[in-house]
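J.: Encoded as structure tokens, here's the structure I'll be asking about.
The values are calculated or read from the model by the stated rules, or taken from the named source; none is laboratory data. The model shown is predicted, which means the values in this text are computed figures rather than measured ones. Neighbour counts are summed over all protein chains in view; Cβ atoms, including those assigned to glycine, are modelled from backbone coordinates with ideal geometry. SASA here: full protein model, heavy atoms, side chains in, ligands and nucleic acids out. Shrake-Rupley method; radii C 1.70, N 1.55, O 1.52, S 1.80 Å.
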Amino acid sequence: MTVTFVGLGPGDPGLLTLRAAEVLGKVDTVVVNRSSCPKEVLALCGAAEIVDADDRDAAKLVLAAAKTGEVARLVSGDSGLGGKTAREAEQCAAEGVPFEIVPGVSAVTAVPQYAGIPLRDDRTREVRVIDAAGGGVDWDTVASGEATLVILGADGMISEIAKGIMSAGRPDSTPVAYTALGSTTEQETVVTTLNRLYAETKGMDTPAMIIVGEVVRWRDRLSWFETKPLFGWRVLVPRTKEQAADLSEQLRSYGAVPDEVPTISVEPPRTPQQMDRAIKGLVTGRYEWVVFTSVNAVKAVREKFVEYGLDARAYAGLKVAAVGEQTSAALVEFGVVPDLVPSGEQSSEGLLEVWPPYDEDLDPINRVLLPRADIATDRLISGLTDLGWECDDVTAYRTVRAAPPPQPIREAIKGGGFDAVLFTSSSTVKNLIGIAGKPHNVTVIAVIGPQTAKTAEEYGLRVDVMAEKPSVSALAEALAEYGSKRRAAQVEAGEPLRKPSQMRRGARKKRFT
């Protein structure tokens, strides 16, 4: 059996290599220091057994697992730069266990780039990497000249390091960047000078990297990561994991940290007979139209199709309507292109505005199938009836209030731990408050449309952001624009850059960089 040592990279799970992801999807066991491994990486491990190496002898765990199957040993950063990897691989070799090493993206190159600092430029051609952990560095030798210095293991030794570099001949005004928690959404960079380094980084998080040299001056022009509009914002997304996937990915692109908390649980109807009859009628030509008002409705009908051995061809001869972009996308994924989608307001009202009246000369059948939630309103039915259509309103699924989220999430909601919350419907407002409590007043409230805004205000919430059009993508975009304007205002006023959650009493103030 083979042991594969896999470098995790510097912290951003998006930097995991393709080879690393491939290995994780195939092995039987993954040995990892779980406390320092992003959950997104663990999600790639498939059916593999996860063995936590925190406070345990990792080499022994690896060798034991290798007796029964293929093993991946996840190591922080670049597996080739860490001494632990070499020692563990050496033990594999001594026991005659074959091993492979998959390099990870090195923090030495990644963190400076995430801080907007190139290690070399036209003037600086040399880079020196120094491990300062434990002290004993000959600074006169390693810090001489004008090479860029990349210093690791600086915890608790900032003052000693700065003095050592200055004693080697570097001016006290030499630019220095201190980046903590590099390449993660908690990254924080302070740009200062050698003589101010200790004073201006006191109390900052670790692990950290120090970059010394003229290349630090590039940061003003090249900082791209920490300047994202929602950088480091913890955003509550009250939707199920399936519904929230695209929204969460969009939020991550703006630098946010989405937290998905379902407020409703979708369950099958209590009695399936009504849906069974509807599917039969759909196939046998009972309906002229079928209308989908949610992604859940599309999913419910699709599951029934699978149950009966049907596919998208069963829609042949039917006209299909979707209430909006998300529902339309779900239909297209199934192989069905809707005939009617409102171009304006994406709601029942918007659909009724573009719905054609029944014409007995053009429409051989006047029946419309509406597979919907058990709590759907009658507005669409009454509107279609007024237009001359006969509606079969069928309960395709039930929505029930989800179980309360874990206590830390509830405390963060009520205590101001979230920077923003996105409400995608009135029901998400009601249900979130019902299962978790009312968001703190420092939390930015973003809503998808006027009706959701009205509900939020009825519950005593201040609405800060509303999407220009009722789609989750537009809602995320509106929040990003809000965050960008907020950041620009803080910079213009010369104020420290602070997230909304840092505005509450007792919160740690983020430094201005």
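J.: Scan segment 285-308 and give yes if some residue there is open to solvent by less than 50 Å² (accessible area, probe 1.4 Å), of a type outside the set (Ser, Thr, Tyr) and closer than 30 Å to residue 229 by Cα, otherwise no. Write out each step before concluding.
T.: Here is the first cut: in segment 285-308, the ones open to solvent by less than 50 Å² (accessible area, probe 1.4 Å) are 285, 287-294, 296-298, 300-301, 304-305.
Checking which are of a type outside the set (Ser, Thr, Tyr) leaves us with 285, 288-292, 296-298, 300-301, 304-305.
From what's left, closer than 30 Å to residue 229 by Cα: none.
Within segment 285-308 (the criterion being open to solvent by less than 50 Å² (accessible area, probe 1.4 Å), of a type outside the set (Ser, Thr, Tyr) and closer than 30 Å to residue 229 by Cα), the answer is no, since none of the residues qualifies.
J.: Quick check on segment 330-348: of everything there that is at pLDDT 85 or above and open to solvent by 40 Å² or more (accessible area, probe 1.4 Å), which residue is nearest to residue 310 (Cα to Cα)? Please lay out each step first, then the result.
T.: First, pick out the residues of segment 330-348 that are at pLDDT 85 or above: 330-342.
Then keep just the ones that are open to solvent by 40 Å² or more (accessible area, probe 1.4 Å); that gives 332-333, 335, 337, 339, 341.
Details: 332: 16, 333: 15, 335: 12, 337: 17, 339: 20, 341: 24 Å.
By that ranking, first place goes to 335.
J.: Would you tally the residues in segment 386-398 being among the β-branched types (Val, Ile, Thr) and either under 25 Å from residue 362 (Cα atoms) or open to solvent by 30 Å² or more (accessible area, probe 1.4 Å) (or both)? Please lay out each step first, then the result.
T.: To start, the set of residues in segment 386-398 that are among the β-branched types (Val, Ile, Thr) comprises 394-395.
Narrowing the set further to residues that are either under 25 Å from residue 362 (Cα atoms) or open to solvent by 30 Å² or more (accessible area, probe 1.4 Å) (or both) leaves 395.
Here the count works out to 1.
J.: Show the residue pairs that are 6+ apart or on different chains and have beta-carbon atoms under 9 Å apart, the first residue being within segment 492-506 and within 11 Å of residue 417 (Cβ to Cβ) and at pLDDT 90 or above, the second being of a type in the set (Lys, Arg) and assigned to a helix (DSSP H, G or I).
T.: 500/486
J.: Moving on to the next point. Within segment 342-442, considering only helices (runs of 4 or more DSSP H) that don't extend past its boundaries, which have at least 2 residues that are of a type in the set (A, V, I, L, M), out of contact with any Lys or Arg (no Cβ under 6 Å at 6 or more places or on another chain) and within 27 Å of residue 498 (Cβ to Cβ)?
T.: On the way: elements: 348-354, 379-386, 407-415, 426-436.
Fully inside segment 342-442 and qualifying: 407-415, 426-436.
J.: While we're on this one: What tally of residues in segment 201-218 results from selecting those that are within 23 Å of residue 146 (Cα to Cα), open to solvent by 20 Å² or more (accessible area, probe 1.4 Å) and either among the basic types (Lys, Arg) or touching a strand residue (DSSP E or B) at 6+ places or on another chain (Cβ under 7 Å) (or both)?
T.: Within segment 201-218, residues that are within 23 Å of residue 146 (Cα to Cα), open to solvent by 20 Å² or more (accessible area, probe 1.4 Å) and either among the basic types (Lys, Arg) or touching a strand residue (DSSP E or B) at 6+ places or on another chain (Cβ under 7 Å) (or both) number 2.
J.: Just for helices (runs of 4 or more DSSP H) wholly inside segment 13-129: which have at least 1 residues that are modelled with pLDDT of 90 or more and more than 31 Å from the chain's Cα centre (by Cα)?
T.: Working: elements: 18-24, 39-42, 58-66, 83-94, 107-114.
Helices (runs of 4 or more DSSP H) meeting the threshold: 58-66, 83-94.
J.: Quick one: in segment 309-323, of everything that is open to solvent by less than 30 Å² (accessible area, probe 1.4 Å) and over 36 Å from the mean Cα position of the chain (by Cα), which residue is nearest to residue 351 (Cα to Cα)? Don't jump to the end; show me each part of the working.
T.: Taking segment 309-323 and keeping what is open to solvent by less than 30 Å² (accessible area, probe 1.4 Å), we get 312, 314-315, 318, 320-323.
With the extra rule that they be over 36 Å from the mean Cα position of the chain (by Cα), the set shrinks to 314, 318.
Numbers: 314: 23, 318: 17 Å.
Result: 318.
J.: Could I ask something else about it? Listed residues 111, 142, 176, 129; which is open to solvent by 70 Å² or more (accessible area, probe 1.4 Å) and β-branched (Val, Ile, Thr)?
T.: Details: 111 fails: open to solvent by 70 Å² or more (accessible area, probe 1.4 Å); 142 fails: open to solvent by 70 Å² or more (accessible area, probe 1.4 Å); 176 fails: open to solvent by 70 Å² or more (accessible area, probe 1.4 Å).
None of the others qualify; the one that does is 129.
J.: For residue 187, work out the one condition from (1) modelled with pLDDT under 95; (2) open to solvent by 10 Å² or more (accessible area, probe 1.4 Å); (3) of a type outside the set (D, E, K, R); (4) within 28 Å of residue 23 (Cβ to Cβ) it doesn't fulfil.
T.: (2)
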